[in-house]
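Asker: Sharing a structure here in structure tokens format.
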Amino acid sequence: MAISLVYSPRYLLHNRGIEHPESPQRLAVLVRRLQNSPLKEHLEWEDPLEASDEDLLRVHTKAYINLIKTLSFMGGGWLDNDTFVSSASFNIATLAVGGAMRAFELAIRDGVHSFALLRPPGHHASRDKGAGFCIFNNIACGVRYAQEKLGIKKVLIVDWDLHHGNGTQDIFYEDPSVLYFSTHQYPWYPGTGKIEETGKGEGKGFTVNVPLPAGCGDDEYIRIYEEILPPLVRRFSPDLIAVSAGFDAHFADPLGGMFLSPFGYASLTRILKQLNYELNKRGIVFLLEGGYNADGLSASVEAVIGELLEAKLPISRSEHKASEDVRLRVNQIISEVKTLHSL
């Protein structure tokens, strides 16, 4: 058994030469850890595809694609206060989309679990706007590629990044072929992801948000994924599961207030793996999103891969215990989500 990792050293070229949370260093540290991991004999490294404008146009507007091209050609600029474009960023962001496409191919055609180690991340990018460190929406482009070229009809997107994937939600908000499930810190950037945001038109009911208070740890996340996700997924019966795998809910991450540990991420992976086994024989697709403490990111990704391989790695677990107020609020949120979505 092996796990396919999609990566290119070119991803490190997306860089403005300034201190920024979404730095090349976070990915470089992660890759070094995996290259020296006890799991390394079970890791198959794959190159990304070269995505075309046609691949981008499945999700993004032509005007927005041309904007990123122009900014890169002119030496770079800023899409918002957080999101930079360098002279290399158009090519590298396009290559990140190609990495997502390759990960979907591997999971669908070869039936293996795949993990694309991408930069820049993507889940905050909408059709015509980049934000939150994201330029193109990697997972949305991957899903549309799978649906149009690889014979996939229904896709479950699980987004466990600390931040709500507002771009992904917007892109699929009226689409009943994609079930978007997000656990995220709320209120926090970008301010979206309320329980009441459930989709629109034919997509009504196919967006499921679980907005959580700061201070949640492994126990709270595991309970949510055990109680809410299985009945939701069994009812939807997707052809494929894809994960916006952000790791900024890690207890050491500087951009959030959650307390997930590598043990917690491995536990969420175990739940997804069991659901995937029930549904189909395809692999699960993981695409890297956030995670801004390099050591926490690296340990958590290794724990996820170890769980997929059923390896017996020593995995650290946070000693954090949520406060009584947080536990009560989580109980209330679970009840509200179940009621709203008839679970």
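The values are calculated or read from the model by the stated rules, or taken from the named source; none is laboratory data. Treat the numbers as computed from the prediction; the structure is a model and nothing was measured. All Cβ positions, glycine included, derive from the backbone under ideal geometry; neighbour counts span all protein chains shown.
Asker: Among the numbered conditions (1) hydroxyl-bearing (Ser, Thr, Tyr); (2) closer than 28 Å to Asn36 by Cβ; (3) part of a helix (DSSP H, G or I), tell me where Ser316 comes up short.
Answerer: For Ser316, the exception is condition (3).
Asker: Of the residues Glu148, Glu220, only one is under 23 Å from Gly257 (Cα atoms), in contact (Cβ under 8 Å) with a residue 40 or more places away in the chain and in a helix (DSSP H, G or I); which?
Answerer: Working: Glu148 fails: under 23 Å from Gly257 (Cα atoms).
Of Glu148, Glu220, the one residue that is under 23 Å from Gly257 (Cα atoms), in contact (Cβ under 8 Å) with a residue 40 or more places away in the chain and in a helix (DSSP H, G or I) is Glu220.
Asker: Quick one: what pairs do we get from the stretch 162-189, first residue under 13 Å from Pro211 (Cα atoms), second surrounded by fewer than 24 Cβ atoms within 10 Å (Cβ to Cβ) and hydroxyl-bearing (Ser, Thr, Tyr), C-beta under 6 Å, 6+ apart or different chains?
Answerer: Close Cβ pairs satisfying both conditions: His163/Tyr189; His164/Thr192; Asn166/Thr192.
Asker: Kindly indicate which of Leu56, Leu43 is at pLDDT 95 or above, of a type outside the set (Lys, Arg), more than 27 Å from Gly132 (Cβ to Cβ) and surrounded by 15 or more Cβ atoms within 10 Å (Cβ to Cβ). If you could, list the steps in order and put the result at the bottom.
Answerer: On the way: Leu56 fails: more than 27 Å from Gly132 (Cβ to Cβ).
Every option except Leu43 fails the conditions.
Asker: May I pose another question? Just to be sure before I move on: is Phe286 under 22 Å from Asn138 (Cα atoms) and out of contact with any Lys or Arg (no Cβ under 7 Å at 6 or more places or on another chain) in the structure I sent? Show your work before the answer.
Answerer: Values: under 22 Å from Asn138 (Cα atoms): yes; out of contact with any Lys or Arg (no Cβ under 7 Å at 6 or more places or on another chain): yes.
Against the criterion (under 22 Å from Asn138 (Cα atoms) and out of contact with any Lys or Arg (no Cβ under 7 Å at 6 or more places or on another chain)), Phe286 qualifies.
Asker: What pairs come up if the first residue lies in the stretch 224-241 and is more than 13 Å from Val210 (Cα to Cα), the second is of a type in the set (Lys, Arg) and part of a loop (DSSP other than H, G, I, E, B), and their beta carbons are under 8 Å apart, counting only those six or more places apart or on different chains?
Answerer: Listed by first residue and then by second, the contacts come to Phe236/Lys154; Ser237/Lys154; Pro238/Lys154; Asp239/Lys153; Asp239/Lys154; Asp239/Arg282; Leu240/Lys154; Leu240/Arg282.
Asker: Taking Ser8, is it touching a residue at least 60 places away in the same chain (Cβ under 8 Å), closer than 24 Å to Glu307 by Cβ, among the small types (Gly, Ala, Ser) and surrounded by 18 or more Cβ atoms within 10 Å (Cβ to Cβ)?
Answerer: Working: touching a residue at least 60 places away in the same chain (Cβ under 8 Å): yes; closer than 24 Å to Glu307 by Cβ: no; among the small types (Gly, Ala, Ser): yes; surrounded by 18 or more Cβ atoms within 10 Å (Cβ to Cβ): yes.
No, not satisfied.
Asker: Here is a further query. Would it be correct to say that Cys141 is at pLDDT 95 or above, crowded, with 24+ Cβ neighbours inside 10 Å and in contact with a His (Cβ under 7 Å, 6 or more places away or on another chain)?
Answerer: Details: at pLDDT 95 or above: yes; crowded, with 24+ Cβ neighbours inside 10 Å: yes; in contact with a His (Cβ under 7 Å, 6 or more places away or on another chain): no.
No.
Asker: Something else now. Considering only the stretch 59-71, state which residues are buried (at least 17 other Cβ atoms within 10 Å of the Cβ) and either among the hydrophobic types (A, V, I, L, M, F, W, C) or over 12 Å from Ile135 (Cα atoms) (or both). Reasoning before the result, please.
Answerer: Taking the stretch 59-71 as the starting set, the residues that turn out to be buried (at least 17 other Cβ atoms within 10 Å of the Cβ) are 59-60, 64-65, 67-68, 71.
Listed by number, the residues that qualify are Val59, Ile65, Leu67, Ile68, Leu71.
Asker: Report the residue count in the stretch 168-212 for those that are farther than 18 Å from Gly246 by Cβ and not hydroxyl-bearing (Ser, Thr, Tyr).
Answerer: Residues flagged as farther than 18 Å from Gly246 by Cβ and not hydroxyl-bearing (Ser, Thr, Tyr) within the stretch 168-212 amount to 17.
Asker: Could you please find all residues in the stretch 213-228 being under 13 Å from Ser335 (Cα atoms), hydrophobic (A, V, I, L, M, F, W, C) and out of contact with any helix residue (DSSP H, G or I) (no Cβ under 6 Å at 6 or more places or on another chain)?
Answerer: Residues of the stretch 213-228 under 13 Å from Ser335 (Cα atoms): 223-224, 227-228.
Remaining after also requiring hydrophobic (A, V, I, L, M, F, W, C): 224, 228.
Hit for the stretch 213-228 is Ile224, nothing else.
Asker: Within the stretch 116-133, identify whether any single residue is touching a residue at least 40 places away in the same chain (Cβ under 8 Å) and assigned to a helix (DSSP H, G or I), and answer yes or no. Give the derivation first.
Answerer: Residues of the stretch 116-133 that are touching a residue at least 40 places away in the same chain (Cβ under 8 Å), as a first pass: 116-133.
Of the ones still in play, those that are also assigned to a helix (DSSP H, G or I) are none.
The answer is no; no qualifying residue exists.
Asker: Output the residues belonging to the stretch 158-201 that are hydrophobic (A, V, I, L, M, F, W, C) and not in a loop (DSSP other than H, G, I, E, B). Walk me through it before giving the result.
Answerer: First pass over the stretch 158-201, keeping only residues hydrophobic (A, V, I, L, M, F, W, C): 158, 160, 162, 171-172, 178-179, 181, 188, 195.
Residues satisfying the conditions are Val158, Ile171, Phe172, Val178, Leu179, Phe181.
Asker: Another one. If you scan the stretch 103-112, which residues turn out to be crowded, with 24+ Cβ neighbours inside 10 Å and not aliphatic (A, V, I, L, M)?
Answerer: Matches in the stretch 103-112: Phe104 only.
Asker: Look through Leu232, Leu328, Leu308 and report the one residue that is in a helix (DSSP H, G or I), within 18 Å of the chain's Cα centre (by Cα) and over 18 Å from Pro121 (Cβ atoms).
Answerer: That would be Leu308, the only listed residue that is in a helix (DSSP H, G or I), within 18 Å of the chain's Cα centre (by Cα) and over 18 Å from Pro121 (Cβ atoms).
Asker: So, one more: From the set of residues in the stretch 294-311 that are touching a helix residue (DSSP H, G or I) at 6+ places or on another chain (Cβ under 8 Å) and farther than 25 Å from Gln25 by Cβ, which is surrounded by the most Cβ atoms within 10 Å (Cβ to Cβ)?
Answerer: That would be Leu308.
Asker: Within the stretch 113-138, take every residue that is within 19 Å of Lys69 (Cα to Cα) and among the aromatic types (Phe, Trp, Tyr) and give me the one that is surrounded by the most Cβ atoms within 10 Å (Cβ to Cβ).
Answerer: Residue satisfying both the conditions and the ranking: Phe136.
Asker: Let me ask something else. Out of the stretch 314-340, which residues are crowded, with 17+ Cβ neighbours inside 10 Å and either closer than 22 Å to Glu197 by Cα or among the hydrophobic types (A, V, I, L, M, F, W, C) (or both)?
Answerer: Those that are crowded, with 17+ Cβ neighbours inside 10 Å and either closer than 22 Å to Glu197 by Cα or among the hydrophobic types (A, V, I, L, M, F, W, C) (or both): Ile315, Ala322, Val326, Arg329, Val330, Ile333, Ile334, Val337.
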